[in-house]
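Working notes, beginning with the structure itself.
The values are calculated or read from the model by the stated rules, or taken from the named source; none is laboratory data. Treat the numbers as computed from the prediction; the structure is a model and nothing was measured. Note: ideal-geometry Cβ built from the backbone for every residue, glycine included; neighbour counts use all protein chains shown.
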Amino acid sequence: MISLKDIQIQERARSSARSTGMTPTELKAIRARLQLTQLELGQWLGIEGRDPGHTVRMWEIGKRGISGPITVLLEAFLSGWRPRHITQLDTQEGTPTNG
């Protein structure tokens, strides 16, 4: 008979295989630290489509794994780097972010 603990271990293993190790909770904390909405983070990451925030929501509830490149971008955002398309918007508003 399979126990609940066995099922949880199997699920974690499957989740880890899809992900780089960043958890939904860690992603939420990073987004909060950056003071961004899900939509804004999706736009910063260059996610295209009608609702860029949808992908961020799926990551935050654990429905999609967070890829290695996304993890690297998030770490860069935390260090102060901004994507060119965000820097250009900020510069137009008079507040350059990539001095």
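Among the residues of the stretch 10-27, at least one is surrounded by 16 or more Cβ atoms within 10 Å (Cβ to Cβ), assigned to a helix (DSSP H, G or I), modelled with pLDDT of 95 or more and in contact with a helix residue (DSSP H, G or I) (Cβ under 6 Å, 6 or more places away or on another chain). Suppose the filter is out of contact with any helix residue (DSSP H, G or I) (no Cβ under 6 Å at 6 or more places or on another chain), aromatic (F, W, Y) and modelled with pLDDT of 70 or more; does W59 pass it? No, not satisfied.
Selection of the stretch 52-69 for residues being in a helix (DSSP H, G or I) and touching a residue at least 40 places away in the same chain (Cβ under 8 Å) yields only G68. Contact annotation: residue pairs with Cβ atoms under 7 Å, 6 or more positions apart or on different chains, pairing a residue in the stretch 23-35 that is under 17 Å from I66 (Cα atoms) with a partner that is assigned to a helix (DSSP H, G or I) and hydrophobic (A, V, I, L, M, F, W, C), are P24/W59; L27/W59; I30/L74; I30/L78; R31/L41.
Inside the stretch 59-91, residues that are more than 19 Å from R33 (Cα to Cα) and of a type in the set (A, V, I, L, M, F, W, C) make up a count of 1.
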